[in-house]
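**Q** For reference, the structure I am asking about is given below.
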Amino acid sequence: MAGRWIEHWDPEDETFWRETGERVARRNLWFSVLSEHIGFSVWTLWSVMVLFMGPEYGVDPAGKFFLISTATLVGAVVRVPYTFAVARFGGRNWTVFSALTLLVPTIAALVVMEPGTSYGTFLAVSALTGIGGGNFASSMTNINAFFPLRSKGWALGLNAGGGNIGVPVVQLAGLLVIGTAGATYPRIVLAAYIPLILLAAGCAARFMDNLAPVRNDTGAAREAVRDRHTWIMAVLYIGTFGSFIGYSFAFGLVLQTQFGRTPLQAASLTFIGPLLGSLIRPAGGWLADRYGGARITLVNFAAMAAATGVVVYASETASLTVFLVGFTALFALSGLGNGSTYKMIPGIFHARAIAQGLRGEEAAARGRRISGAAMGLIGAVGALGGLAINLAFRQSFQTSGAGTAAFWSFLAFYAVCSALTWSVYLRRAAAVTAKPRLGHAGV
């Protein structure tokens, strides 16, 4: 796949952007969204498959939570190598390859999804679906290189939001199958995704480009690892994306286990939260572009803590209606926070480049270089938050039969994230660099 390579790329040059860059960047964005969308659907397949696993499968709720936790873990880990694959092989080339690899877990699930299959086999196939989680990291790194700083919040938010919608779409597919064919036909969902995977790979090959100026830079990776802001932002991203993906995997199981919903009843509700969270993510990026990522992120974490308080009350009083209201708010707020936190990343590293005395395109290039490396690490750690959420639910249900204890722990973590955002990025005495520059960078 020699592909199409663009030798010169300078999105901060307004003339270049107006005459050439914007058109090319937008074309790559749309087809990146398609591939990432399918990747998210494959990654979260087991949030749907567990709804089909009735008593005849012999898997209890704790075992089901462990299945979806396994997919979450693998998806988080593979994000690191996927981040650097874009610079090694080219954004177009890697998108084609990573899309085609989604055939492996989808076909494997198609083969084994029936009663009598051993739990170990289900666990192995669940782990395979984790590769779908890696598509996010390579896609975001690729799109980050295409767009200028002033548009990154919108572009990254749209790219990620369009990908995130893969979660409710696969859940809607599960609802459609359960509602029409019944809860004994999971293979229909799996078979439907095989042509979609081929479509995503074909469109990437036909319409996307590789950027020659983007090259693997081990120095950038080392700098990102050493920079404390990489890890601070990783913690904040645990609070936003970790919540989104963890709740997306667990929501249907919580409804079945704690509120006694049937597979059809659970499936009819499961998709709503992830859909709202996905649709609102670009708005989080846009608000961060306009008002500053740290401000939006701080307000968002405070709201997430309040929504979690509502969920705790509903869990303790067994009120399904209040529970759905609070949980849906959590989904929407996690999506908003996803957009605002990811906007902060390039802004932070651009501001630090300015503080080191760089100006103009030199500062912008350094910001892109370090933020591209940091995004993969931050995305990987953030996805581990989804693992923590599912393990917390598993422990809570094992010990008390309800998710209340898990929700209390989530509320405490949102309070920590609020304090961290304020103390590092908003408090007058704390700064990545001079405060006026932080504001200018959109942090």
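**Q** Can you find a residue in region 274-286 that is outside any helix (DSSP H, G or I) and open to solvent by 40 Å² or more (accessible area, probe 1.4 Å)?
**A** Checked region 274-286: no residue is outside any helix (DSSP H, G or I) and open to solvent by 40 Å² or more (accessible area, probe 1.4 Å).
**Q** Determine the pairs where a residue that is touching a residue at least 60 places away in the same chain (Cβ under 8 Å), located within region 303-317, has a partner that is outside any helix (DSSP H, G or I) and open to solvent by less than 10 Å² (accessible area, probe 1.4 Å) with Cβ atoms under 8 Å apart, the partner being 6 or more residues away or on another chain.
**A** Hits for this filter: S315/G403.
**Q** Scanning for something of a type in the set (S, T, N, Q) and surrounded by fewer than 19 Cβ atoms within 10 Å (Cβ to Cβ), does region 8-28 turn up at least one residue?
**A** Yes, because at least one residue in region 8-28 is of a type in the set (S, T, N, Q) and surrounded by fewer than 19 Cβ atoms within 10 Å (Cβ to Cβ).
**Q** Can you tell me which residue is modelled with the lowest pLDDT among those in region 331-352 that are within 17 Å of G293 (Cβ to Cβ) and among the aliphatic types (A, V, I, L, M)?
**A** A351
**Q** Please enumerate the residues belonging to region 162-190 that are of a type outside the set (S, T, N, Q), in a helix (DSSP H, G or I) and open to solvent by 60 Å² or more (accessible area, probe 1.4 Å). Show your work before the answer.
**A** Going residue by residue through region 162-190, those that are of a type outside the set (S, T, N, Q) are 162-163, 165-170, 172-179, 181-183, 185-190.
This time we only want the ones that are in a helix (DSSP H, G or I), so: 162-163, 166-170, 172-179, 186-190.
Hits for region 162-190 are L172, L176, R187, I188.
**Q** Let me ask you something else. Of (1) in contact (Cβ under 8 Å) with a residue 40 or more places away in the chain; (2) more than 27 Å from H37 (Cβ to Cβ), G219 satisfies all except one. Which?
**A** Of (1) in contact (Cβ under 8 Å) with a residue 40 or more places away in the chain; (2) more than 27 Å from H37 (Cβ to Cβ), only one is false for G219: (1).
**Q** In region 107-150, how many residues are in a helix (DSSP H, G or I), more than 16 Å from the chain's Cα centre (by Cα) and aromatic (F, W, Y)?
**A** Total satisfying the criteria: 3.
**Q** If A374 meets every condition in (1) on the phi > 0 side of the Ramachandran plot; (2) open to solvent by less than 10 Å² (accessible area, probe 1.4 Å) apart from one, which number is that one?
**A** (1)
**Q** Which of the numbered conditions does N93 fail, given that it passes all the others? Conditions: (1) in contact (Cβ under 8 Å) with a residue 60 or more places away in the chain; (2) polar (S, T, N, Q); (3) under 17 Å from S47 (Cα atoms).
**A** Unmet for N93, out of (1) in contact (Cβ under 8 Å) with a residue 60 or more places away in the chain; (2) polar (S, T, N, Q); (3) under 17 Å from S47 (Cα atoms): (3).
**Q** Another one. Identify all residues within region 226-255 that are open to solvent by 40 Å² or more (accessible area, probe 1.4 Å) and in contact with a helix residue (DSSP H, G or I) (Cβ under 7 Å, 6 or more places away or on another chain); write none if there are none. Break it down into steps so the answer makes sense when it comes.
**A** The first filter runs over region 226-255 and keeps only residues open to solvent by 40 Å² or more (accessible area, probe 1.4 Å), leaving 226, 228, 231, 235, 238.
Of everything in region 226-255, those that are open to solvent by 40 Å² or more (accessible area, probe 1.4 Å) and in contact with a helix residue (DSSP H, G or I) (Cβ under 7 Å, 6 or more places away or on another chain) turn out to be V235, I238.
Okay, residues lined up against (1) more than 24 Å from C203 (Cβ to Cβ); (2) in contact with a Ser or Thr (Cβ under 6 Å, 6 or more places away or on another chain); (3) of a type outside the set (V, I, T):
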{"position": "V78", "(1), (2), (3)": "no, no, no"}
{"position": "V86", "(1), (2), (3)": "no, yes, no"}
{"position": "A99", "(1), (2), (3)": "no, yes, yes"}
{"position": "L102", "(1), (2), (3)": "no, no, yes"}
{"position": "T106", "(1), (2), (3)": "no, no, no"}
{"position": "A109", "(1), (2), (3)": "no, no, yes"}
{"position": "M113", "(1), (2), (3)": "yes, no, yes"}
{"position": "G120", "(1), (2), (3)": "yes, no, yes"}
{"position": "S126", "(1), (2), (3)": "yes, yes, yes"}
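**Q** Next up: Which pairs have Cβ atoms under 8 Å, sit 6 or more apart or on different chains, and link a residue in region 384-412 that is on the phi < 0 side of the Ramachandran plot and open to solvent by less than 70 Å² (accessible area, probe 1.4 Å) to one that is among the small types (G, A, S) and not in a helix (DSSP H, G or I)?
**A** F393/G403; S396/A402; S396/G403; F397/G403
**Q** Could you give me the residue pairs with C-beta distances under 7 Å whose first residue belongs to region 191-209 and is open to solvent by 10 Å² or more (accessible area, probe 1.4 Å), whose second residue is among the aromatic types (F, W, Y) wherever it lies, and which are 6+ apart or on separate chains?
**A** From residues that are open to solvent by 10 Å² or more (accessible area, probe 1.4 Å), the pairs are C203/F31; F207/F31.
**Q** Follow-up. State which residue is farthest from N210 (Cα to Cα) when the search covers only region 87-96 and only residues that are touching a strand residue (DSSP E or B) at 6+ places or on another chain (Cβ under 7 Å) and in a helix (DSSP H, G or I).
**A** This residue is N93.
**Q** A further question on this structure: Inside region 118-151, can you point out the residues that are more than 15 Å from I38 (Cβ to Cβ), surrounded by 15 or more Cβ atoms within 10 Å (Cβ to Cβ) and of a type in the set (S, T, Y)?
**A** Those that are more than 15 Å from I38 (Cβ to Cβ), surrounded by 15 or more Cβ atoms within 10 Å (Cβ to Cβ) and of a type in the set (S, T, Y): S126, T141, S151.
**Q** Return the total of residues in region 419-438 being open to solvent by 20 Å² or more (accessible area, probe 1.4 Å) and modelled with pLDDT of 55 or more.
**A** Residues in region 419-438 being open to solvent by 20 Å² or more (accessible area, probe 1.4 Å) and modelled with pLDDT of 55 or more: 7 in total.
**Q** Assess whether G153 counts as being in contact with an Asp or Glu (Cβ under 6 Å, 6 or more places away or on another chain) and assigned to a helix (DSSP H, G or I). Steps first, answer last, please.
**A** Details: in contact with an Asp or Glu (Cβ under 6 Å, 6 or more places away or on another chain): yes; assigned to a helix (DSSP H, G or I): yes.
Spelling it out, G153 is indeed in contact with an Asp or Glu (Cβ under 6 Å, 6 or more places away or on another chain) and assigned to a helix (DSSP H, G or I).
**Q** A follow-up question, please. Given the conditions (1) surrounded by fewer than 24 Cβ atoms within 10 Å (Cβ to Cβ); (2) touching a helix residue (DSSP H, G or I) at 6+ places or on another chain (Cβ under 8 Å); (3) polar (S, T, N, Q), report the number of the one that N338 does not fulfil.
**A** Only one criterion is unmet by N338, namely (1).
**Q** Would you call L211 farther than 30 Å from P11 by Cβ and not hydroxyl-bearing (S, T, Y)? Don't jump to the end; show me each part of the working.
**A** Numbers: farther than 30 Å from P11 by Cβ: no; not hydroxyl-bearing (S, T, Y): yes.
Taking the combined requirement at face value, the residue does not satisfy it.
**Q** From the residues in region 257-273 that are part of a helix (DSSP H, G or I) and under 22 Å from the mean Cα position of the chain (by Cα), which one is farthest from R150 (Cα to Cα)?
**A** So the residue we want is A267.
**Q** Next up: For L45, all conditions in the list (1) within 30 Å of F207 (Cβ to Cβ); (2) open to solvent by 10 Å² or more (accessible area, probe 1.4 Å) hold save one; what is the number of the exception?
**A** (2)
The values are calculated or read from the model by the stated rules, or taken from the named source; none is laboratory data. Values in this document were obtained by computation on a predicted structure and should not be read as measured data. Here Cβ is always computed from backbone atoms with ideal geometry, including for glycine, and neighbour counts include all displayed protein chains. Only protein heavy atoms, including side chains, enter the accessible area calculation; ligands, DNA and RNA are left aside. Shrake-Rupley method; radii C 1.70, N 1.55, O 1.52, S 1.80 Å.
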